[in-house]
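> My structure is below; once you've seen it, I'll send some questions.
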């Protein structure tokens, strides 16, 4: 979770009221933060805030926290509004950046009066958004420049690696390759673009370099100080929606400091856009849903008032609330997200606990007993149980298994690309286990009973979790027959008849792989793992395996 520092004095100036430290401990809860630490420095009190929401980058600075608290306290109500003036500034995006770093969006903010506190907050927000929301600058990188030194039009172009400029913190010019090798930020983030044929460069009409996204700004335009009054903001990345959101977060934070936002026209080969786009987003929620899940007996007007304190514009019609929310938020995906804001405004500590009056008798889930019985049976066959993570990555699920990429449930903003999807089959997890244990003795006989997550458009969540069994045998001499013996034993124990039907699958050797059929339904696959898959995982012995769904085998 992001942690950031704010000055108590600066925070109170932005809210417009003074509070005791004890009061601040409760107030920051409105902004989904906790007060992590307090200290005094040069006569000023500072807070370290620990944000509990990685989907709200607008709350990772004093500006966002103060704005949320102003509305929560009723100092302001409804949708925060920001005017965007048009400018005549144009940025042209080079088509050659399509496979390098394709999207850039931009804005101008004028009339700023920075002091040390406000400047440190903007720089801190810039870094936090790029680090966490931007996945260490891979998805989002942000540059802020002294606009008075920039001569439009501006060009976001693909540059030769031998081109030169003086990066931030250096007086002498360096080639783009040298920056990746010698500059601190080049060594830290250079891997993002190092293998590309060109490097991204942002330059103005006079050839002055603004930045080398996503690595470093130039010394000439990229040093923003307390004397800077007008700034140009650049956000680059791979997804237009993500860079637009990051830009919205930055410009509205600067607007909270009194800045005037101006738009920039961005010209791509196939389309043009004006950024930032602060058009409010819309959502509709059933008010009875709010009452039912919260357990609170709230009138329609009370719900409206609570939502207005969480920065929504609310229109109630036929027991439904049509809400508009700010363009710097991207976390409203379900009615539960609206419900959460209602409860934050109401105050979790104000909810009276009520003991449910239910005449029920607890008992175990019979299907869990069935899963345990399967585990015991596998152990009886001489297999060792393993437990692996549901979170994994596309490379493990598809590339290393020698199959084409398919639709899979992805994490919207993963902390690491290693844990970026929910697995849709278990066998890659078993192969990874074997890959990590090549130093151990063979044979290795393992199994896992675990959940996979599948896309199902019929359900409210668009996904469903299914329990599966996967078995893998690794060692010299193992063949299809060895895996089938265990499958036979399983089916015989469950008194289930099954068939094998020849099939093709990239993870298995052709002619040595079959579909597992029960009652005419395909429930799994069995076979000898393909040599290419073994090579991909660094496994030097034969592996045979099968995997199947458990629910078709369950009989109550």
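The values are calculated or read from the model by the stated rules, or taken from the named source; none is laboratory data. Since the structure is predicted, the reported quantities are computational estimates derived from the model, not experimental observations. Heads up, the Cβs are rebuilt from the backbone with ideal geometry, glycines too, and the neighbour counts pull from every protein chain shown.
> Quick one: residue 413 ticks every box in (1) closer than 28 Å to residue 542 by Cβ; (2) touching a helix residue (DSSP H, G or I) at 6+ places or on another chain (Cβ under 9 Å) except a single one, so which number is it?
The number of the failed condition is (1).
> Same structure, new question: Residue 162 - would you say it is in contact with a strand residue (DSSP E or B) (Cβ under 9 Å, 6 or more places away or on another chain), in a loop (DSSP other than H, G, I, E, B), without any contact (Cβ under 8 Å) to a residue 40 or more places away in the chain and assigned by TED's automatic domain parsing to the domain that holds residue 109? Outline the logic, then answer.
On the way: in contact with a strand residue (DSSP E or B) (Cβ under 9 Å, 6 or more places away or on another chain): yes; in a loop (DSSP other than H, G, I, E, B): yes; without any contact (Cβ under 8 Å) to a residue 40 or more places away in the chain: yes; assigned by TED's automatic domain parsing to the domain that holds residue 109: yes.
Considered against the rule, which asks whether it is in contact with a strand residue (DSSP E or B) (Cβ under 9 Å, 6 or more places away or on another chain), in a loop (DSSP other than H, G, I, E, B), without any contact (Cβ under 8 Å) to a residue 40 or more places away in the chain and assigned by TED's automatic domain parsing to the domain that holds residue 109, residue 162 comes out as yes.
> So, of the residues in region 188-207 that are closer than 14 Å to residue 218 by Cβ and touching a helix residue (DSSP H, G or I) at 6+ places or on another chain (Cβ under 7 Å), which turns out to be surrounded by the fewest Cβ atoms within 10 Å (Cβ to Cβ)? Walk me through how you get there before you give the answer.
Of the residues in region 188-207, the ones closer than 14 Å to residue 218 by Cβ are 199-204, 206-207.
Next cut, touching a helix residue (DSSP H, G or I) at 6+ places or on another chain (Cβ under 7 Å) only: 199-200.
Working: 199: 25, 200: 27.
For region 188-207, the residue satisfying everything is 199.
> I'm checking my understanding of the structure. Among residues of region 231-277 that are in a loop (DSSP other than H, G, I, E, B) and in contact with a helix residue (DSSP H, G or I) (Cβ under 6 Å, 6 or more places away or on another chain), which one is surrounded by the fewest Cβ atoms within 10 Å (Cβ to Cβ)? It would help to see each step written out before you state the result.
Narrowing region 231-277 to residues in a loop (DSSP other than H, G, I, E, B): 238-239, 257-259, 268-271, 276-277.
From what is left, the residues that are in contact with a helix residue (DSSP H, G or I) (Cβ under 6 Å, 6 or more places away or on another chain) are 257, 269, 276.
Working: 257: 19, 269: 9, 276: 30.
Per the criteria, the residue is 269.
> Anything in region 278-296 that is surrounded by fewer than 21 Cβ atoms within 10 Å (Cβ to Cβ), in contact (Cβ under 8 Å) with a residue 40 or more places away in the chain and touching a helix residue (DSSP H, G or I) at 6+ places or on another chain (Cβ under 8 Å)? List them, or say none. Don't jump to the end; show me each part of the working.
The initial filter retains those residues of region 278-296 that are surrounded by fewer than 21 Cβ atoms within 10 Å (Cβ to Cβ), namely 279-284, 286-289, 291-296.
Remaining after also requiring in contact (Cβ under 8 Å) with a residue 40 or more places away in the chain: 279-283, 286, 289, 293-296.
283, 286, 289, 293, 294, 296 - these are the residues of region 278-296 that are surrounded by fewer than 21 Cβ atoms within 10 Å (Cβ to Cβ), in contact (Cβ under 8 Å) with a residue 40 or more places away in the chain and touching a helix residue (DSSP H, G or I) at 6+ places or on another chain (Cβ under 8 Å).
> Say we look at region 426-436 and pick out the residues that are in contact (Cβ under 8 Å) with a residue 60 or more places away in the chain and out of contact with any strand residue (DSSP E or B) (no Cβ under 6 Å at 6 or more places or on another chain); which of these is farthest from residue 450 (Cα to Cα)?
From region 426-436, those in contact (Cβ under 8 Å) with a residue 60 or more places away in the chain are 426-427, 430-432, 434-435; that's our starting set.
Keeping just the survivors that are out of contact with any strand residue (DSSP E or B) (no Cβ under 6 Å at 6 or more places or on another chain) gives 431-432, 435.
Working: 431: 15, 432: 15, 435: 19 Å.
In this case the residue turns out to be 435.
> Farther than 18 Å from residue 98 by Cα and assigned to a loop (DSSP other than H, G, I, E, B) - does that describe any residue in region 185-194?
no
> Working carefully through the options 401, 387, 378, 431, find the one that is assigned to a loop (DSSP other than H, G, I, E, B), surrounded by 19 or more Cβ atoms within 10 Å (Cβ to Cβ), outside the structural domain of residue 129 (by TED's automatic domain parsing) and at pLDDT 95 or above. Steps first, please.
Details: 387 fails: surrounded by 19 or more Cβ atoms within 10 Å (Cβ to Cβ); 378 fails: assigned to a loop (DSSP other than H, G, I, E, B); 431 fails: assigned to a loop (DSSP other than H, G, I, E, B).
One residue alone meets the criteria, 401.
> Inspect region 467-478 for any residue being farther than 19 Å from residue 431 by Cβ, touching a residue at least 12 places away in the same chain (Cβ under 8 Å), in contact with a strand residue (DSSP E or B) (Cβ under 9 Å, 6 or more places away or on another chain) and outside any loop (DSSP other than H, G, I, E, B) and give the result as yes or no.
Yes, region 467-478 has at least one match.
> Among strands (runs of 3 or more DSSP E) lying entirely in region 1-113, which contain 2 or more residues that are surrounded by fewer than 21 Cβ atoms within 10 Å (Cβ to Cβ)? I'd like the intermediate steps shown before the answer.
Numbers: elements: 3-7, 33-41, 44-51, 90-93, 103-110.
Where strands (runs of 3 or more DSSP E) fall fully within region 1-113 and carry at least 2 residues being surrounded by fewer than 21 Cβ atoms within 10 Å (Cβ to Cβ), they are 3-7, 33-41, 44-51, 90-93.
> I've got another one for you. How many residues does region 185-216 contain that are under 21 Å from residue 235 (Cα atoms) and without any contact (Cβ under 8 Å) to a residue 12 or more places away in the chain?
Final tally of qualifying residues: 4.
> May I ask you to list the residues in region 415-428 that are surrounded by fewer than 16 Cβ atoms within 10 Å (Cβ to Cβ) and either over 23 Å from the mean Cα position of the chain (by Cα) or not in a helix (DSSP H, G or I) (or both)?
First, the residues of region 415-428 that are surrounded by fewer than 16 Cβ atoms within 10 Å (Cβ to Cβ): 415-419.
Residues satisfying the conditions are 415, 416.
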